[in-house]
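Colleague: Before anything else, here's the structure in question.
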Amino acid sequence: MSEKPSISRQQQKSRETKEKIFQAAKRILQKKGYEELSIKNICEEAGVSNGSFYHHFKTKDDLLSYYIEDQPKIDPDLLELPDSAEGVKDGIIQVYMNYVKYCRELGVEFMAEYYDTKNQALNAAIRAERPYPIVTVQTYVEKAIREGIVRLHVGIDEFTTDIRMIVIGNVFEWCVKHGAADFEGNMSRSLRMYLDAALSGSADRTRG
């Protein structure tokens, strides 16, 4: 029992170090751009050792990926499933409205530097396992299918790939226009159009 305060202090110190590293990376991105975002520069800016960096992150892109996706999340296991396909679509769109809000909090300059083709954190095939929005959405949809609420007209892998590409396109458009695009409106509209085509209520389709 006497060890709990010590563990708590250690955890707090770890969180503070991780935040310090991220803030350093963010400053470098905003001042100098992605090309200058080396681990050496991050560590110098943060005043931490390379070992401390690698204790928290595998690569610089892992660092950015962690914070890009460490947004207010909707736990798919706790989501209340609605009783209609429209409700499921609303739930999916809400996940990405949360993401839009988080992108705005990070700022268009930060996001523009992050959405670089050199950034392998954007490669869904290799990035670390964390509750990315698309993971939340996939779990949510699979649960809705099992419960007989919706029917998916494409494979789940195709579905998640399409959703990711729609989201990336909307973020890119917002960045290209330096924040002047209707981020929320475009994201909601394009997702809604896709979901209307890809998902339907299963009740009327299974009885015919």
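None of the figures in this text is laboratory data; all of them are computed from the coordinates on show. Everything numeric in this text was worked out from a predicted model, so none of it was measured. Backbone-built Cβ (ideal geometry, glycine too); neighbour counts: all protein chains shown.
Colleague: Name the shape class, rounded, prolate or oblate, that the alpha-carbon gyration tensor gives for segment 140-203, where a ≥ b ≥ c are the square roots of its eigenvalues, rounded holds for a/c under 1.5, and otherwise prolate holds if a/b is larger than b/c and oblate otherwise.
Modeller: prolate
Colleague: What does the extension gain come out to for D83 and Q120, with contour length at 0.36 nm per residue minus their alpha carbon separation?
Modeller: So the extension gain works out to 9.5 nm.
Colleague: Given K32/K101; K58/K118; K18/K40; K20/K101; K60/K177; K13/K118, which pairs have Cα atoms separated by over 21 Å?
Modeller: From K32/K101; K58/K118; K18/K40; K20/K101; K60/K177; K13/K118, over 21 Å: K32/K101; K20/K101; K60/K177; K13/K118.
Colleague: Length gain on complete extension for the stretch E173 to N50, per 0.36 nm per residue less the alpha carbon to alpha carbon distance?
Modeller: Computed gain between E173 and N50 is 40.8 nm.
Colleague: Which net charge results when you count Lys and Arg as +1 and Asp and Glu as -1 among the other residues whose beta-carbon is under 14 Å from that of P82?
Modeller: Once positives and negatives cancel, what remains is -3.
Colleague: Determine the distance separating the Cα centre of segment 7-28 from the Cα centre of segment 141-168; give it in Å without decimals.
Modeller: One Cα centre to the other: 36 Å.
Colleague: Still on this structure: Just to confirm a number: summing +1 for Lys and Arg and -1 for Asp and Glu over residues other than W174 whose beta-carbon lies under 11 angstrom from that of W174, what do you get?
Modeller: That works out to -1.
Colleague: Under a Cβ-Cβ cut-off of 13 Å, what is the net charge of the residues other than R27 that fall near it, where Lys and Arg count +1 and Asp and Glu count -1? Intermediate values should be presented prior to the final figure.
Modeller: On the way: positive: K20, K26, K31, K32; negative: E19, E36, E44, E45, E109, E113.
Surrounding charge for R27 is -2.
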